[in-house]
1. Just checking, which of Lys73, Lys59, Lys36 is of a type in the set (D, E, K, R) and under 23 Å from Ile105 (Cβ atoms)?
2. Quick one: what pairs do we get from region 98-110, first residue touching a residue at least 40 places away in the same chain (Cβ under 8 Å) and under 14 Å from Ser123 (Cβ atoms), second assigned to a helix (DSSP H, G or I) and β-branched (Val, Ile, Thr), C-beta under 7 Å, 6+ apart or different chains?
3. Go through (1) loosely packed, with under 14 Cβ neighbours inside 10 Å; (2) within 30 Å of Lys31 (Cα to Cα); (3) modelled with pLDDT under 90 for Gly60 and report which single condition fails.
4. If you scan region 106-127, which residues turn out to be surrounded by 13 or more Cβ atoms within 10 Å (Cβ to Cβ) and either outside any helix (DSSP H, G or I) or in contact with a Pro (Cβ under 6 Å, 6 or more places away or on another chain) (or both)?
5. In this structure, does Tyr26 turn out to be of a type in the set (Ser, Thr, Tyr), buried (at least 16 other Cβ atoms within 10 Å of the Cβ) and without any contact (Cβ under 8 Å) to a residue 40 or more places away in the chain?
6. What single numbered condition from (1) assigned to a helix (DSSP H, G or I); (2) touching a helix residue (DSSP H, G or I) at 6+ places or on another chain (Cβ under 9 Å) fails to hold for Val94?
7. If you take the residues of region 64-85 that are outside any helix (DSSP H, G or I) and farther than 25 Å from Tyr14 by Cβ, which of them is nearest to the chain's Cα centre (by Cα)?
Amino acid sequence: MEWFIVKVLAKYNYWVFIILMMIGFYGIIAKNNLIKKIIGLNIFQTAIFLYFISLGAVKGGTAPIVSEEMIQKGYVYVNPLPHVLILTAIVVSVATTAVALSLVIRMHHEYGSIEESDIVEKSKDQGMAWIKENP
C-alpha cells in the first residue's frame, strides 16, 4: 500500500490538474450565472496551462542554449516550445475573457439579467412576439 501512495504523490501535478479541471468544468456546466460560467472557464483554462507546463518540465534540464560544450557533454535541455505555446494561450485566454465579459454586459443591458435561465426565457418571449407580429 505504501508504494501506491508514493506513486500517487509523485504525480501530484497531474492530480492538481485533474482537480482544477473538474472544478472549472463544474462551474461551466452547473452554474446559471454567466459571470460564474466565465470564472469556471478561466479555471478550466488554467488547469490546461498547468498540464502543458508540467509536461514540458525535464528533471536536470538546462536552458536551451546550445553550444559545442553542451553537445559534446550530452546535456539534457528543457524544450521551450510548451512554454511559448502557453504564453500564447494565456494571451488568447485573456482576450476570450474580455470578449465574454463584454457580451455579458451587453446581455445585461438587453435582458436586465445575467442569469442564463432568465435570458433564455426572455428571448423566447421576444421571439414569440416577433413571430406573432410577422406572420
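The values are calculated or read from the model by the stated rules, or taken from the named source; none is laboratory data. All values derive from a computational prediction rather than experimental measurement. All Cβ positions, even for glycine, are placed from backbone atoms using ideal geometry, and neighbour counts span all protein chains on display.
1. Criteria check complete, one pass: Lys36.
2. Pairs found: Met107/Ile119.
3. Here Gly60 meets the rest and fails (2).
4. Ser113, Ile114, Glu115, listed by residue number.
5. Working: of a type in the set (Ser, Thr, Tyr): yes; buried (at least 16 other Cβ atoms within 10 Å of the Cβ): no; without any contact (Cβ under 8 Å) to a residue 40 or more places away in the chain: yes.
Here the answer is no, as Tyr26 does not meet what is asked.
6. (2)
7. Taking region 64-85 first, the residues outside any helix (DSSP H, G or I) are 64-67, 74-80.
Filter once more, keeping what is farther than 25 Å from Tyr14 by Cβ: 65-67, 74-75.
On the way: Ile65: 31, Val66: 33, Ser67: 37, Gly74: 36, Tyr75: 34 Å.
Among them, the one singled out is Ile65.
Residues checked against (1) in contact with an Asp or Glu (Cβ under 7 Å, 6 or more places away or on another chain); (2) of a type in the set (Val, Ile, Thr); (3) within 21 Å of Asn13 (Cα to Cα):
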{"residue": "Gln45", "(1), (2), (3)": "no, no, yes"}
{"residue": "Leu50", "(1), (2), (3)": "no, no, yes"}
{"residue": "Ser93", "(1), (2), (3)": "no, no, no"}
{"residue": "His108", "(1), (2), (3)": "no, no, no"}
{"residue": "Ile114", "(1), (2), (3)": "no, yes, no"}
{"residue": "Ile119", "(1), (2), (3)": "no, yes, no"}
